[in-house]
1. Calculate, axis by axis, the spread of Cα positions in the chain along the three principal axes, and write the results as whole Å, longest axis first.
2. Using a Gaussian network model on the chain with a 10 Å cutoff between Cα atoms, which of Asn16, Asn41, Asn108 fluctuates the most?
3. So which residue, out of Asp121, Asp288, Asp231, gets the largest mean-square fluctuation from a GNM of the chain using Cα contacts under 10 Å as springs?
4. Using a 1.4 angstrom probe on the protein heavy atoms only, could you order Met282, Met149 from most to least accessible area?
5. Could you tell me which of Ala277, Gly127, Leu42 has its Cα farthest along the dipole of the chain towards the positive end, charges placed at Cβ (Lys, Arg +1; Asp, Glu -1), taken about the Cα centre?
6. Between Cys187, Asn206, Gly143, whose Cα lies farthest towards the positive end of the dipole of region 135-232 when Lys and Arg beta carbons carry +1 and Asp and Glu beta carbons carry -1, centred on the Cα centre?
7. In whole angstrom, how far apart do the alpha carbon centroids of region 326-340 and region 191-216 sit?
8. Restricting to DSSP H runs of at least four residues, report the calculated mean residue ellipticity at 222 nm for the chain, -39500 (n - 2.57) per run over all residues, nearest 500 deg cm²/dmol.
Amino acid sequence: MKTYLVTGGAGFIGSNFVYYLLKKYQDIQVVNVDKLTYAGNLENLKGLENDSRHIFVQADICDDQAIAKLFQQYEIDYVVNFAAESHVDRSILNPEIFVETNVQGTVNLLKHAKAAWTIGDDVYKAGVKFLQVSTDEVYGSLGEEGYFMETTPLCPHSPYSASKASADLFVQAFADTYRFPVNITRCSNNYGPYQFPEKLIPLIFNNTVHHKESPVYGDGLNVRDWLYVEDHCKGIDAVINKGRLGEVYNIGGHNERTNIFIVKTIIAYVKEHIDAAVGEHMITYVTDRKGHDRRYGIDPTKITDELGWYPETKFEDGIKKTLKWYSEHQEWIDHITSGKYQEYYKLMYEGR
Ligand code: NAD
Ligand code: TYD
């Protein structure tokens, strides 16, 4: 039986990954460690309350003792590190917490995983792996042509991407210095269920259904390469099982859209399915984000050729599924944005 230590598993991608793992594999255990910041919510894990293979622990990945204890308590085979401060706009306002969680927290996890897995000088228990979930934003910004490859030099611009790039360098340093078994995955913008409504897609959906303006930064022509979250989970799973140790794998590809296209698509969906009174008059162009990266685009050749992964979900299908999910989970949006039900779900978990 394999035991996964998933960090940040009460957040958007982490919770999707925990569901994905427990559905795909019967004989596993998932220790889910999350600090439950504003972005993490136990309500995201509501479907797992009666699944004894899922163990939730509220802890900070920066906490030396708490992480040491977890490695003593459980025979961890894989660490999958999602825990992070993840919002670029917040990083522009308050960079320090991004250094703490994204850099120091990652180093703390690396240190404890290394201590727990060491069986000789730079020799580790068989089959273990530390997977760092990173982002294409570490590569910086593209012009109109070209794609990010694993060999593209790191050139982060925002405090968020600078912190993720720093974490990647520490992970790589552990591999190079101690032959520590790692992989790094760098994915593009995810969309799907359970994304905190500060990010573009759920924010525009929520604003539109509440007849609030849709803020579009700058000229709206920045481009993101959208990846359906389940496809991302499949990519991570493939890298855990088959990724060559020490390698970086980019996950994403060929779903590039401008922000204004995304905003108009969401408004059109709400108009057709929920409320005919909404429309493009609700779009408001606002001051651009400082240092706003123009375009992200991933070349997924490496993961496709080596591991057989490709983005299965077409954007046109994924966005419909996603918006349908948000329209059926309006209560979830209200709860997560108000934070009101956080204590209630904590009690449900503790009482299990
Ligand atoms: P999220 O903000 O939705 O979730 C982050 C989770 O980490 C939350 O549950 C939060 O409570 C937890 N967390 C924060 N600080 C913590 C700490 N100190 N200790 C323990 N837990 C802590 O983020 P997400 O969108 O799910 O992103 C997950 C990972 O994927 C991040 O590492 C992010 O950099 C990366 N990523 C995300 C995207 C995207 O489009 N969302 C794209 C590329 C990479
Ligand atoms: P976001 O979801 O914050 O992801 P990231 O910055 O990590 O790519 O933003 C996606 C794009 O949408 C980005 O180019 C910024 C833009 N954006 C807006 O135009 N308006 C908004 O209200 C938000 C949150 C983002």
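1. For the chain, the Cα extents along the three principal axes come out at 65, 50, 38 Å.
2. Asn108
3. Asp121
4. So the residues, ranked largest to smallest area, are Met149, Met282.
5. Comparing the listed Cα positions along the dipole, Gly127 ranks first.
6. Projecting each Cα onto the dipole axis, the largest value belongs to Asn206.
7. 12 Å
8. Calculated from helices alone, the mean residue ellipticity at 222 nm is -12000 deg cm²/dmol.
The values are calculated or read from the model by the stated rules, or taken from the named source; none is laboratory data. Because the structure is a prediction, the values reported are computed rather than measured. A quick note on method: Cβ atoms are made from the backbone with ideal geometry, for glycine too, and the neighbour counts reach across all protein chains shown. What goes into the accessible areas is simple: the full protein's heavy atoms, side chains included, and nothing from ligands, DNA or RNA. Shrake-Rupley method; radii C 1.70, N 1.55, O 1.52, S 1.80 Å.
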